[in-house]
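Undergrad: Below is one structure. I have some questions about it.
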Amino acid sequence: MSVVIWHNPKCATSRKVLELIRAKGIEPRIVDYVRAPPSAAQIKTALKEMGMKPRALLRRRGTPFDELGLDDQKHTDAALIAAMAEHPILIERPVVRTRKGTRLCRPVERVQEIL
């Protein structure tokens with residue numbers, strides 16, 4: 001099974017999800033999304049697969065969320081996606097994609113739904 005994880009090695013939750021995937025005998029393709037950011041189109045695709053709006057994928061803590069004023073409801077979905085593409089640290093993690101679906105794996109147990 002092909003599994004891709006948008007991973008931040010500095011994030012404990014992301015590391016735990018990676019451990020759970022590997023415990024199932026799967027070696028995922030690891031995308032360090034901070035160093036190799038997804039494009040706006042890739043973010044949009046992941047959001048569609050998860051059935052999420054961009055605001056639900058935004059990370060606030062430890063990001064330029066406040067500095068960019070992203071709490072302001074005036075920002076369109078396209079503007080939020082563009083902000084995530086430009087500042088990938090804004091993307092909540094980890095996002096895992098398998099043939100069974102795509103999930104934001106918070107809490108970590110959500111990864112079980114798609115393995």
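The values are calculated or read from the model by the stated rules, or taken from the named source; none is laboratory data. Remember, predicted model here, so these are calculated numbers, not experimental data. Note that each Cβ is placed from the backbone with ideal geometry, even for glycine, and that neighbours are counted across all protein chains shown. The protein model used for the area step is the full one, side chains on, heavy atoms only, and it has no ligands, DNA or RNA in it. Shrake-Rupley method; radii C 1.70, N 1.55, O 1.52, S 1.80 Å.
Undergrad: I want to confirm something. Restricting to region 64-107 and keeping residues that are under 16 Å from N8 (Cβ atoms) and more than 14 Å from the chain's Cα centre (by Cα), which single residue is least open to solvent (accessible area, probe 1.4 Å)?
TA: Restricting to residues being under 16 Å from N8 (Cβ atoms) and more than 14 Å from the chain's Cα centre (by Cα), the top hit is F65.
Undergrad: Check every one of the helices (runs of 4 or more DSSP H) wholly within region 6-88 and list those with 1 or more residues that are hydroxyl-bearing (S, T, Y).
TA: Counting at least 1 such residues, we get 12-23, 40-50.
Undergrad: Residue by residue through region 5-20, note down the ones that are open to solvent by less than 90 Å² (accessible area, probe 1.4 Å) and either touching a Phe, Trp or Tyr at 6+ places or on another chain (Cβ under 9 Å) or under 20 Å from R35 (Cβ atoms) (or both).
TA: The first filter runs over region 5-20 and keeps only residues open to solvent by less than 90 Å² (accessible area, probe 1.4 Å), leaving 5-9, 11-14, 17-18, 20.
Hits for region 5-20 are I5, W6, H7, N8, P9, C11, A12, T13, S14, V17, L18.
Undergrad: Taking the options A41, A36, name whichever one is without any contact (Cβ under 8 Å) to a residue 12 or more places away in the chain and under 19 Å from V3 (Cβ atoms).
TA: Criteria check complete, one pass: A36.
Undergrad: Taking the conditions exactly as written (of a type in the set (A, V, I, L, M, F, W, C), surrounded by fewer than 19 Cβ atoms within 10 Å (Cβ to Cβ) and within 21 Å of R15 (Cβ to Cβ)), does I30 satisfy them or not?
TA: It is true that I30 is of a type in the set (A, V, I, L, M, F, W, C), surrounded by fewer than 19 Cβ atoms within 10 Å (Cβ to Cβ) and within 21 Å of R15 (Cβ to Cβ).
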